[in-house]
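Input: a single structure, listed below in structure tokens.
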Amino acid sequence: MDSPLVTQLFRQLFSHRAAQCLARGARPALTSARVPQLQRREKATRLGEGETSRESRWTPRKNAFPQERTEEFDRYPMVTSDMLRSRKERPRRVKMLMRDFIEDSLYNPSYGYFSKQVVIFSPGDPFNFNAMKSEHEFFQQLRHRYTDFEDALDTQEPNDLRQLWHTPTELFSPYYGEALARYLVEDYRYNFFPYQDLIIYEMGAGNGTMMLNILDYIRDVHPDVYERTKYRIIEISSQLADLQQKGLGHSAYARGHSDKVEIVNRSIFDWNQYISSPCYFLALEVFDNFAHDALKYDNETGSPYQSHVVVDPRGELFEYYSRTLDPVATQFLARRHAACESYPHPLQGSRLMQSLRSLVPFRTNLSQPEYIPTRLMQFFHILASKFPNHKLISSDFHKLGEAVEGINAPVVQTRYKRQMIPVSTPLVHQGYFDILFPTDFEVMEPMYTAITGKFARTYTHEDFMAGRADIAETSTKNGDNPLVSWYKNASVMITM
């Protein structure tokens, strides 16, 4: 955390009680998606274990592991995110795997990033693309609507730390949802109609806009299919589940879907019901917030080491790597090796260069970190065991800018005074930062096939939308089409 703005941010974060100073919520707008950067603890009086003075507690985190405190850290219990789920306050004097730290930071019901005061941008009325001169005019209109939206929020309650973000579903409503609805109906008619119902599961549904857009389209264009349609949302956030339920009551037109919709307020990783019926499973921009493990490799032997996070009595965070891998990480490495012919790896490249790097003074003999999507692998296992007749439709970022160091490394960021602030480590105060990862579809597609026994195909976002979106309705006067051309850093993977 390097810049003066970051230092100012941390002073602001901890000069008030957390519940007063931060509106935690969903993902801020990503510059990689070309959305404008739109503006706008209590200190203890006694020294804690490991403190030597009353220095500021908000100094930038140091990378060095305090070897002199190893004996103290050894006494700390090992915990998991499941064990922390019932906690109301962030843990102290514990250690955990990196994936459990990320899971707890993002999803803890009391202090997790996605658990409180979620704010998702809604542009209001759909954009009239046909009336715009070009994509640039769309960008300008979007910027103005974004500013107006947040100005209205600040009128009600000013908040320098509001975590406001958007999705393509909201930006391009209803056209984005209609494009997916066309694919769903086409595939359903070909494979299951009229002998099976059209059952749709959506995970991480945000405001519920995708649900409404899909159901509106099917009701208006394919009434015979609509009669057989059931839509089920699986939502981990209680606040978002309430928003989705309220969305069904916004108008008589939306209320007409009530008998079609079921909202299940539960994590997909707690799912215990066996669904034997054919179904479609939507996972749109959810893979990026699945927790990852971090590994480093011995530059000489190639042996993997797994990341652990230690939280000391002050809440300060430290990372160390252990030669002992837990069963989930071990399973991921074995699955990847069996399913993939090649994949990015920290030890790829010249052995000579690796040897030379190991000779640099004060440098460890371990590689740069690799972040492996162990939670995503577990999700594929849930699809295989609980939804054996599913068809997956997923979309996510295959590339992200301003990531921390490492292969498949995350972007760690927060929003302060309407500016996006990326930081250089995932070891951040739990609940205040988004931690999102790119998805390597070239690796995850064959792993999905190996786990579920189903073949998949990956498209660029542009190619998928070009074949299914209403091009006429979403084109500007000069022929630009933002729905197709935006999100060039995203891919779509679907079950064949």
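Residues of the stretch 426-465 that are open to solvent by 10 Å² or more (accessible area, probe 1.4 Å) and at pLDDT below 95: H429 alone. Here S307 qualifies as crowded, with 21+ Cβ neighbours inside 10 Å, more than 30 Å from Y183 (Cβ to Cβ) and hydroxyl-bearing (S, T, Y). Identify all residues within the stretch 91-110 that are in contact with a His (Cβ under 8 Å, 6 or more places away or on another chain) and among the charged types (D, E, K, R); write none if there are none. Selection gives K95, R99. Of the residues making up the stretch 410-431, those that are in a loop (DSSP other than H, G, I, E, B) and closer than 26 Å to R92 by Cα are P410, S424, T425, P426, L427, V428, H429, Q430, G431. Restricting D242, D259 to residues that are farther than 23 Å from V119 by Cα, out of contact with any strand residue (DSSP E or B) (no Cβ under 7 Å at 6 or more places or on another chain) and modelled with pLDDT under 95 narrows the list to D259. Right, G401: open to solvent by 50 Å² or more (accessible area, probe 1.4 Å), at pLDDT below 95, under 30 Å from P482 (Cα atoms) and among the small types (G, A, S) or not? The answer is no for G401. The single condition from (1) under 22 Å from L106 (Cα atoms); (2) surrounded by 14 or more Cβ atoms within 10 Å (Cβ to Cβ) that Y226 fails is (1). Just to be sure I understand, how many residues within the stretch 432-444 are over 21 Å from S81 (Cβ atoms) and in a loop (DSSP other than H, G, I, E, B)? Final tally of qualifying residues: 2. Here V423 meets each of (1) under 22 Å from N108 (Cα atoms); (2) surrounded by fewer than 19 Cβ atoms within 10 Å (Cβ to Cβ) with one exception, condition (2). Does the stretch 385-397 include one or more residues that are under 30 Å from S276 (Cβ atoms), of a type outside the set (G, A, S) and in a helix (DSSP H, G or I)? Yes, the conditions are met somewhere in the stretch 385-397.
Here is the figure for the stretch 123-137: residues that are open to solvent by less than 50 Å² (accessible area, probe 1.4 Å) and of a type outside the set (A, V, I, L, M) total 5. Filtered by the rule that a residue be surrounded by 14 or more Cβ atoms within 10 Å (Cβ to Cβ) and more than 15 Å from S267 (Cα to Cα), the stretch 85-99 gives R87, R90, P91, R92, R93, V94, K95, M96, L97, M98, R99. Quick check, is V411 modelled with pLDDT of 95 or more, among the hydrophobic types (A, V, I, L, M, F, W, C) and in contact with a Pro (Cβ under 8 Å, 6 or more places away or on another chain)? Spelling it out, V411 is indeed modelled with pLDDT of 95 or more, among the hydrophobic types (A, V, I, L, M, F, W, C) and in contact with a Pro (Cβ under 8 Å, 6 or more places away or on another chain).
Just so you know, in the stretch 310-320 the residues that are among the charged types (D, E, K, R) and in a loop (DSSP other than H, G, I, E, B) include one that is least open to solvent (accessible area, probe 1.4 Å), and it is D312.
Anything in the stretch 217-239 that is modelled with pLDDT under 95 and in a helix (DSSP H, G or I)? List them, or say none. Full working, then the answer.
Narrowing the stretch 217-239 to residues modelled with pLDDT under 95: 235-239.
Hits for the stretch 217-239 are S238, Q239.
Give me the residue from the stretch 264-284 that is part of a loop (DSSP other than H, G, I, E, B) and either touching a Ser or Thr at 6+ places or on another chain (Cβ under 9 Å) or among the small types (G, A, S) (or both) and, out of that set, least open to solvent (accessible area, probe 1.4 Å). Full working, then the answer.
Keep residues of the stretch 264-284 that are part of a loop (DSSP other than H, G, I, E, B), which gives 265-267, 271-278.
Going one step further and asking which of them are either touching a Ser or Thr at 6+ places or on another chain (Cβ under 9 Å) or among the small types (G, A, S) (or both), we end up with 265, 267, 274, 276-277.
Numbers: N265: 82, S267: 14, Y274: 141, S276: 68, S277: 45 Å².
For the stretch 264-284, the residue satisfying everything is S267.
When every residue of the stretch 138-160 is checked against the conditions, at least one turns out to be surrounded by 21 or more Cβ atoms within 10 Å (Cβ to Cβ), hydroxyl-bearing (S, T, Y) and modelled with pLDDT under 95. Can you confirm whether the stretch 130-142 contains a residue that is more than 18 Å from the chain's Cα centre (by Cα), farther than 18 Å from E235 by Cα, in a loop (DSSP other than H, G, I, E, B) and of a type in the set (A, V, I, L, M, F, W, C)? Looking for residues that are more than 18 Å from the chain's Cα centre (by Cα), farther than 18 Å from E235 by Cα, in a loop (DSSP other than H, G, I, E, B) and of a type in the set (A, V, I, L, M, F, W, C), one finds at least one in the stretch 130-142, hence yes.
Against the criterion of being assigned to a strand (DSSP E or B) and open to solvent by less than 10 Å² (accessible area, probe 1.4 Å), I200 qualifies.
Residue-wise test of (1) of a type in the set (A, V, I, L, M); (2) under 30 Å from Q331 (Cβ atoms); (3) outside any helix (DSSP H, G or I).
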position: A450; (1), (2), (3): yes, yes, no
position: R457; (1), (2), (3): no, yes, yes
position: A466; (1), (2), (3): yes, no, no
position: G479; (1), (2), (3): no, no, yes
position: K488; (1), (2), (3): no, no, yes
position: M493; (1), (2), (3): yes, yes, yes
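Counting only residues that are in contact with an Asp or Glu (Cβ under 8 Å, 6 or more places away or on another chain) and among the basic types (K, R), the stretch 291-340 holds 2 of them. Within the stretch 466-496, the residues that satisfy the criterion of being touching a strand residue (DSSP E or B) at 6+ places or on another chain (Cβ under 9 Å), over 22 Å from Y217 (Cα atoms) and open to solvent by 60 Å² or more (accessible area, probe 1.4 Å) are K488, M496.
For the stretch 242-263, how many residues meet the condition of being open to solvent by 10 Å² or more (accessible area, probe 1.4 Å) and in contact with an Asp or Glu (Cβ under 7 Å, 6 or more places away or on another chain)? Within the stretch 242-263, residues that are open to solvent by 10 Å² or more (accessible area, probe 1.4 Å) and in contact with an Asp or Glu (Cβ under 7 Å, 6 or more places away or on another chain) number 1. Taking (1) part of a loop (DSSP other than H, G, I, E, B); (2) modelled with pLDDT of 95 or more in turn, F379 satisfies each apart from (1).
The values are calculated or read from the model by the stated rules, or taken from the named source; none is laboratory data. All of these numbers come straight from a predicted model, not from anything done at the bench. A quick note on method: Cβ atoms are made from the backbone with ideal geometry, for glycine too, and the neighbour counts reach across all protein chains shown. Ligands, DNA and RNA are excluded from the accessible area calculation, which covers all protein heavy atoms including side chains. Shrake-Rupley method; radii C 1.70, N 1.55, O 1.52, S 1.80 Å.
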